[in-house]
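Step one of this worksheet: look at the structure below.
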Amino acid sequence: MVSETVELVRSVNGKAKAIGQNGADRVADEELNGRHRNLEVASVCSRSDGKKKSNHRRELTMEDICNNLDDLEDDEDDLDWEPFLECLTFGRWSCTNCTMLNPDSIIFCETCKEHKESGILKHGFFGSPASQGAALTPVELEVIERYTESVPDVAAARCSTAIGFDERMLLHSEVEKKMYSHPERPDRLRAIAASLSTAGIFPGKCRPITAREITKEELLKVHSMEHVEAVELTEKMLSSYFTPDTYANEHSAEAARLAAGLCADLATEIYSGCAKNGFALIRPPGHHAGVHESMGFCLHNNAAVAALAAQVAGAKKVLIVDWDVHHGNGTQEIFDKNKSVLYISLHRHEGGNFYPGTGAAHEVGTMGAEGYCVNVPWSCGGVGDNDYIFAFEHVVLPIAQEFVPDFIIISAGFDAARGDPLGGCDVTPAGYACMTNMLNTLAGGKTLVILEGGYNLRSISSSATAVIKVLLGESPENQFSGVAPSAACMQAVLDVLKIQTNFWSSLNSNFMKLQSCWESYLVEKRRKKMKKRKLKVAEPPIFWKWGRKRFLYYLHLQRFRVKP
């Protein structure tokens with residue numbers, strides 16, 4: 001293959017010389033330029049000494065190239081070759097927990113401090129990040145025992161928590177091997193399943209439901225025919241991409257149908273009373289998938305399918321709360337004109353500069369459904385428990401209580417969790433548990449939690465386990481009462497309240513109260529800033545007091561009220 005490429009380059013170079021000598025026409029010149037552009041990579045492979053060029057007739061292997069590196073010419077064009085050589089020379093390993101690359105010389109991830117041979121896929125987050133995963137230590141076993149004892153002992157009966165999971169969803173993976181592992185990987189489900197198994201929650205205290213593939217008729221209630229057919233087409237291809245970051249293989253369409261089918265059946269079982277609540281342990285995620293396209297790692301919109309399934313089962317009003325760090329643009333698009341589904345999203349926005357760029361506070365719904373889309377956009381990263389709980393208390397819960405839903409769906413992306421490589425926020429498992437507990441007080445506890453994003457295995461598994469413990473009946477400690485939000489959170493909440501008070505009367509009292517507190521805070525902040533600025537004023541040189549600048553000395557002291 002390489003030899004054929006070298007010969008092709010020679011023929012093109014010869015053609016160039018002939019064209020230059022004979023004054024070839026413009027058509028030949030354009031053909032030559034096009035072939036040169038398509039052969040940039042091939043030109044790298046053709047560099048060797050003159051003797052090798054004339055005698056080289058067999059194909060070069062990777063071993064031949066590595067054994068004859070010294071024979072390569074040191075041209076300026078070799079700069080294209082250096083990154084590839086560096087990858088061959090220096091070994092690296094990808095962290096199981098966060099996918100970041102690390103040199104072979106270290107055994108702990110430089111980003112998340114996870115051990116090179118972490119046991120997180122075997123023991124879940126219970127295994128120490130600083131030790132290998134062969135066996136649990138006595139200390140870790142003691143922690144598991146205490147953790148398991150705290151989980152309510154609920155028999156796998158008619159009213160228990162249902163879990164939707166199927167191993168076939170693990171077959172959805174990126175075929176093309178790249179330097180970095182794709183963050184949306186099968187290990188996400190494995191880590192959560194390992195944590196639940198180690199804690200004795202699932203299997204054990206939760207009831208599994210039988211998986212089925214969603215039908216095309218059900219999908220067409222949410223997506224267009226072109227969208228459904230595009231996903232189905234991937235079954236005939238070994239590898240394909242909807243967008244540069246949204247991959248598919250020959251098993252992806254089946255995995256997406258299973259994920260959507262599990263969500264639909266969980267919604268039906270919960271609303272009909274066959275299960276108290278449920279958790280959909282699924283992938284690929286779905287809240288970025290819109291009516292016409294797949295994007296953001298998402299193929300079918302699982303939350304939208306579940307909402308419509310609940311309505312078919314009899315629910316008149318459905319509330320979807322999306323706490324994924326990215327805005328659920330697909331879910332918003334699907335229900336943008338629907339007054340029977342209230343969509344509330346809390347996400348990083350940063351003026352539209354954070355993926356996917358949608359979800360500003362002024363996006364409230366259209367065509368008579370204004371107010372049924374509520375976006376709480378964070379203006380920066382680092383948002384933590386206090387900020388989320390504050391937004392829940394002053395925006396999410398008041399609107400939800402006025403809406404009076406019959407069914408609750410949580411698009412539970414855990415990429416706002418502490419340590420996530422994409423989210424850059426600081427929510428803890430305790431924060432997620434508290435938010436779940438607050439929502440579980442609505443709609444008689446008929447709550448379905450659907451897994452969306454989350455790419456740090458330790459964060460996503462601990463957070464998901466904390467949420468499921470709440471679904472099982474555990475009441476988390478009330479450690480967030482009277483929380484003080486950050487200034488960025490307060491500003492975001494006020495912006496949302498200012499807009500949403502036009503649609504929800506229950507927000508008026510909160511808005512007036514918070515606006516008064518915010519104005520007092522700004523006045524106090526300006527006062528402290530001025531005081532600090534005065535303290536920074538330097539005193540004049542002491543020798544001014546006895547020299548010709550004596551007048552300026554006392555004038556300065558009087559102006560800034562500094563005692564002489």
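The values are calculated or read from the model by the stated rules, or taken from the named source; none is laboratory data. All values derive from a computational prediction rather than experimental measurement. Counting neighbours? That spans all protein chains shown, and the Cβs are built from the backbone with ideal geometry, glycine included. Each accessible area value is taken on the protein alone, full model and side chains, heavy atoms only, with ligands, DNA and RNA left out. Shrake-Rupley method; radii C 1.70, N 1.55, O 1.52, S 1.80 Å.
Go through region 277-330 and give me each residue that's open to solvent by 10 Å² or more (accessible area, probe 1.4 Å) and basic (Lys, Arg).
Result: Lys316, Lys317.
Given the options Thr246, Thr268, name the one that is more than 30 Å from Val496 (Cα to Cα), touching a Leu at 6+ places or on another chain (Cβ under 9 Å) and surrounded by fewer than 24 Cβ atoms within 10 Å (Cβ to Cβ).
Thr246
Considering only region 503-524, I want to know if a residue exists there that is modelled with pLDDT of 95 or more, open to solvent by less than 40 Å² (accessible area, probe 1.4 Å) and under 27 Å from the mean Cα position of the chain (by Cα).
no
Looking only at region 531-551, which residues are open to solvent by less than 100 Å² (accessible area, probe 1.4 Å) and at pLDDT below 75?
Val537, Ala538, Pro540, Pro541, Ile542, Trp544, Lys545
Could you check Cys98 against (1) more than 22 Å from the chain's Cα centre (by Cα); (2) modelled with pLDDT of 90 or more; (3) open to solvent by less than 50 Å² (accessible area, probe 1.4 Å) and say which number it fails?
(1)
State which residue is farthest from the chain's Cα centre (by Cα) when the search covers only region 331-348 and only residues that are surrounded by fewer than 24 Cβ atoms within 10 Å (Cβ to Cβ) and in a helix (DSSP H, G or I).
Top of the filtered list is Glu333.
For region 377-433, enumerate the residues that are open to solvent by 20 Å² or more (accessible area, probe 1.4 Å), outside any loop (DSSP other than H, G, I, E, B) and within 26 Å of Tyr180 (Cα to Cα).
Asp426
Cβ-Cβ distance below 6 Å, separation of 6 or more or different chains: which pairs start in region 109-130 with a residue that is outside any loop (DSSP other than H, G, I, E, B) and end on one that is β-branched (Val, Ile, Thr)?
From region 109-130, the pairs are Ser118/Thr96; His123/Thr198; Gly124/Thr198; Phe126/Ile144; Phe126/Thr198.
Could you figure out which of (1) in contact with a Ser or Thr (Cβ under 9 Å, 6 or more places away or on another chain); (2) open to solvent by less than 10 Å² (accessible area, probe 1.4 Å) isn't true of Pro476?
The failed condition is (2).
For region 161-213: of the residues being among the β-branched types (Val, Ile, Thr) and open to solvent by 30 Å² or more (accessible area, probe 1.4 Å), which is farthest from the chain's Cα centre (by Cα)?
Restricting to residues being among the β-branched types (Val, Ile, Thr) and open to solvent by 30 Å² or more (accessible area, probe 1.4 Å), the top hit is Thr210.
For Tyr432, indicate whether it is within 18 Å of Val325 (Cα to Cα) and among the aromatic types (Phe, Trp, Tyr).
Yes: the conditions hold for Tyr432.
Which condition does Cys380 not pass, out of (1) over 25 Å from Gly431 (Cα atoms); (2) touching a helix residue (DSSP H, G or I) at 6+ places or on another chain (Cβ under 9 Å), if it passes all the others?
Unmet for Cys380, out of (1) over 25 Å from Gly431 (Cα atoms); (2) touching a helix residue (DSSP H, G or I) at 6+ places or on another chain (Cβ under 9 Å): (1).
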